[in-house]
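As C-alpha cells, the structure follows; a few thoughts come after it.
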Amino acid sequence: MYRFKDYYSNQVTLSFKDHPFSNTPGHVWVICRYKDKWLLTKHRGRGMEFPGGKVEKGETSKQAAIREVKEETGGNVCSICYIGQYHVDGKREKVVKNVYYAHVDELPPQETYYETDGPVILSTLPSDIKEEPSYSFIMKDDVLVHCLEYIKNRLPET
C-alpha cells in the first residue's frame, strides 16, 4: 500500500490488492495502449490524461472503464484488467477509483468525444510529467508512477 499527497495536497492511498477500499467504486481510470503506444485523451479543462470518469448507475466499474475509453478516445477495448484501487481523502469529497490497464485494437473517429478533444497517441510519456503544463493534475501524482511500475514489472507483454 502506498500513501502520498496528490497535486492538490489531498491524502491518497493506493493499493494493488483486490478492491481494498470499495467493491463499488464511484470512479475509474484507464491506462491505455494502442499499437504499442500510449493512448490518452485531451480533456478540455484539465489537459492530457488517460481516460476515466464516473461509474454510472447500473454499470460495473469495468463496464464504466470500457465506456469511458470509447467516449473519450473512440477506442475499442480488446483487453482490460484491473490493476488497483485508490482512495482520495479530498477536502470536499472522498473518492474511490479503480485503475485498469487496457489495450485498444481499433481507434475509429467519432462525432463527439464528450468533454475531451479526442485521442492523443504518444510513443513515450514525458520523464517528468509533473512539470508539464499540458498534462492534467490526474497525471501528476504518484498513482501514475506506481501504476506504470506495476504494469512494467507484473503484467506480461506491456
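The values are calculated or read from the model by the stated rules, or taken from the named source; none is laboratory data. What you see is a predicted model; the values in this text were computed from it and never measured. Every residue, glycine among them, receives a Cβ derived from its backbone with ideal geometry; neighbour counts consider all protein chains shown.
Miscellaneous remarks
- Every pair of residues 6+ apart whose Cβ atoms lie under 8 Å, when the first sits in the stretch 89-107 and is without any contact (Cβ under 8 Å) to a residue 24 or more places away in the chain while the second is aliphatic (A, V, I, L, M): 94/88
- Test: residue in the stretch 75-86 that is without any contact (Cβ under 8 Å) to a residue 12 or more places away in the chain and of a type outside the set (Asp, Glu): no
- If you filter the stretch 97-109 down to residues that are modelled with pLDDT of 95 or more and surrounded by fewer than 20 Cβ atoms within 10 Å (Cβ to Cβ), you find that the one that is nearest to residue 149 (Cα to Cα) is 103.
- Scan of the stretch 93-114 for residues that are over 25 Å from residue 22 (Cα atoms) and touching a helix residue (DSSP H, G or I) at 6+ places or on another chain (Cβ under 9 Å), ordered by number: 104, 107, 110, 112, 113, 114
- Test for residue 96: is it of a type in the set (A, V, I, L, M, F, W, C), touching a His at 6+ places or on another chain (Cβ under 7 Å) and in a strand (DSSP E or B): yes
- Selection within the stretch 110-146 - part of a helix (DSSP H, G or I) and within 15 Å of residue 29 (Cα to Cα): 137, 138, 139, 142, 143, 144, 145, 146
- Qualifying positions in the stretch 122-137 - at pLDDT 95 or above and either touching a Leu at 6+ places or on another chain (Cβ under 6 Å) or hydroxyl-bearing (Ser, Thr, Tyr) (or both): 123, 124, 134, 135, 136
- Residue list for the stretch 147-158, filter: hydrophobic (A, V, I, L, M, F, W, C) and in a loop (DSSP other than H, G, I, E, B): 155
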